1. Give me the net charge of Pro209's neighbourhood, meaning all other residues with Cβ under 13 Å from the Cβ of Pro209; Lys, Arg count +1, Asp, Glu -1.
2. Calculate what fraction, in whole %, of the accessible area of region 1-132 sits on carbon and sulfur atoms when a 1.4 Å probe is rolled over the protein chains.
3. Report the calculated FRET efficiency for Lys130 and Glu217 (r = Cβ-Cβ distance, R0 = 51 Å), to the nearest 0.05.
4. Once fully extended, how much extra length lies between Glu145 and Tyr226, figured as 0.36 nm per residue of separation less the alpha-carbon to alpha-carbon distance?
5. Match the structure shown to one of the listed values [x] 16.8; [y] 15.9; [z] 13.6 of mean projected area of the Cα convex hull in nm², computed from it, and give that label.
6. Once phi is turned into θ = phi - 60°, what whole-Hz ³J(HN,Hα) does the Karplus curve with 6.51, -1.76 and 1.60 give for every residue of region 85-102, x standing for Gly and Pro?
7. With a 1.4 Å probe and all protein chains left in place, how much accessible area per residue does region 104-202 have, in Å²?
8. If amide H atoms are built 1.01 Å from N in the plane of the peptide, which residues on other chains or at least 5 residues away come under 5 Å of the amide H of Ala198?
Amino acid sequence: MKSNQTSAIGMIAQFQLDGKVSIVSGASRGIGLAMAEGLAGAGSDLAIVGRQIETLTPIAERIADETGRKILPIQADVGNLSEIDALVAQTVETFGRLDILVNNAGVNIRNPAMEFTEADWDFVTDVNLKGAFFLAKACGNVMKERKSGKVINTLSLTSAIGLPTSVAYTAAKGGLLQLTKLLAVEWAEYNIQVNGIAPGFIRTEMTAPAREDSRNEWILNRTPAYRWGEPEDLAGLTIFFASNASDFVTGQMVFVDGGFMAGSDWRRRS
């Protein structure tokens, strides 16, 4: 009995991130913020990345106060490749190492495919796919030297299904799923695990319009849990993928969607 208890204690310890350093992009609100809070709560120091330093700074101060971790706010646009190497270098210079990347920054423009412009396409894919790859590459080169690392890509329901009026977003998130698999294969020899989290319909500023029109009823009726997800629902899986508990898990996409993808036509019945 004693040996079993020791084994269980050792397993729980695998989820701790003490001494680890993470970068979380798109960390100023919503899903990215919840992921950052979860990682800090599990013991990781953090660089939180976003476009507005005036938004990031108070967030960094609050998380540091609540968790006792060191939090570095970095203003950067991952859609601008010239800023990526600098943000990774600043993180390594500040903390002395880099263990975890949460590739979360994302944007969307909604229009029917027939009306989508080249400028809108470039804006969405530059952040969601191109920027995600080059940020992963910059972090991967640092992790390679230590022969250890975790890359967590924020995917989407649209990585697996088509949802109307999200043509560039769907293409980018589908591409990011394939990129997740490719990097998992290529980087396994460096002991870098690459996985993806695919949120369902989560209550964020980005999804606010859908909660205020007819889509809300469709989403609730299509989701067996019969609720919108909260950003905090992503934190536990983020910690798992960031921790040693997932050392033999790579190239995977896990949905956090209240069962949305489990059935083709769920309807809540009274």
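The values are calculated or read from the model by the stated rules, or taken from the named source; none is laboratory data. Every value quoted in this text rests on a predicted model; they were computed, and no experiment measured them. In this analysis, Cβ positions are derived from the backbone assuming ideal geometry, glycine residues included, and neighbour counts consider all displayed protein chains. Surface areas here come from the heavy atoms of the whole protein model, side chains and all, with no ligands, DNA or RNA. Shrake-Rupley method; radii C 1.70, N 1.55, O 1.52, S 1.80 Å.
1. Net charge in that neighbourhood comes out at +1.
2. Result for region 1-132: 52 percent of the exposed heavy-atom area is carbon or sulfur.
3. So the FRET efficiency works out to roughly 0.90.
4. 24.6 nm
5. It is the one labelled [x].
6. 4, 5, 5, 5, 5, 5, 5, 5, 5, 6, 9, x, 6, 8, 10, 9, 10, 9
7. Per residue, region 104-202 has 42 Å² of solvent-accessible surface.
8. Here the answer is Leu155, Val254, Phe255, Val256, since their amide H atoms fall under 5 Å of that of Ala198.
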